[in-house]
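The values are calculated or read from the model by the stated rules, or taken from the named source; none is laboratory data. A quick note: this is a predicted structure, and the numbers were derived from the prediction, not measured. Heads up, the Cβs are rebuilt from the backbone with ideal geometry, glycines too, and the neighbour counts pull from every protein chain shown. SASA here: full protein model, heavy atoms, side chains in, ligands and nucleic acids out. Shrake-Rupley method; radii C 1.70, N 1.55, O 1.52, S 1.80 Å.
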Amino acid sequence: MTSDHLTRRGLLRGSAALAASGPVLSHAPADAAASTQSRKGPPMTPVELTVNGREVHLQLDPRTTLLDMLREHLHLTGTKKGCDHGQCGACTVIVEGRRINSCLTLAVMHDGEKVTTIEGLGTAEALHPMQRAFIVHDGYQCGYCTPGQICSAVAVLDEIEAGVPSHVTEDLDRVALSDVELRERMSGNICRCAAYPNIIAAMRDVAGEKQA
């Protein structure tokens, strides 16, 4: 009887030990694979763009924003990271002719597209008309928001010339250049130094050159 009791106990102990070891053994390969993937990081995605007229080929984490790609991978630091929430406009660049907040979009979303940053508009030796106008009319103070302001201002004049209406456009068949139009369209670009009147003057100056 004692021998039979010990045998049953041994059997129960062996079964319990086997059940306990089962999940550990079955999960070990998956855990090892996850650990390996964690060490390697997320898979990279190939991205090809034309930035300021130059073709670039990169391998990026698909979570990389266009702003971080420009600053951290291409070292084009003219485009500024301000709020990183699309509220200040300091990161404005021109993509396929349209201005966007580069902090709110992923680089992989613009594969094959053309991107223009402040570095691509002009140089110290050959300023873009808008850059020159900002200097003439003192359209900048501390200068932090200026690259985004200038990129946005260039695109705004193109929008008006193309007849793209805004929220304040009265005649949708004829989009007229006015201070009201310019202020509305530039409202997404914040200047904490409050150089707004000078920025509008610079834009009117360039608009006059284009119409002349």
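In a reduced charge model with +1 at each Lys and Arg Cβ and -1 at each Asp and Glu Cβ, the range 62-177 shows a dipole moment near 340 debye about its Cα centre. With the simple model of a label 7 Å out from the Cα in the direction of the Cβ, Arg54 to Glu170 spans 4.7 nm. Rounded if a/c is under 1.5, else prolate if a/b is larger than b/c, else oblate: which is the range 168-212, with a ≥ b ≥ c the root eigenvalues of its Cα gyration tensor? In terms of gyration-tensor shape, oblate. Note on His73 and Ser178: their simple-model spin labels are 4.4 nm apart, each label 7 Å out from Cα toward Cβ.
Set the Förster distance to 30 Å, then compute FRET efficiency between Ile135 and Ser187 from the Cβ-Cβ distance, nearest 0.05. Plugging the Cβ-Cβ distance into 1/(1 + (r/R0)^6) gives 0.80. Around the amide H of Thr105, modelled in the peptide plane, lie the amide H atoms of Leu66, Leu67, all under 5 Å away and 5 or more residues distant in sequence or on another chain. Probing with 1.4 Å while keeping every protein chain in the model, the per residue accessible area of the range 59-212 equals 52 Å².
Quick one: check the C-alpha center-to-center distance for the range 64-101 versus the range 113-191, whole angstrom. Measuring centre to centre over Cα atoms gives 16 Å. Share of carbon and sulfur in the accessible area of the range 142-206 stands at 52%, probe radius 1.4 Å.
Let a ≥ b ≥ c be the square roots of the eigenvalues of the Cα gyration tensor of the range 30-159; is it rounded (a/c under 1.5), or, if not, prolate (a/b larger than b/c) or oblate? Taking the square roots of the gyration eigenvalues as a ≥ b ≥ c, the range 30-159 is prolate.
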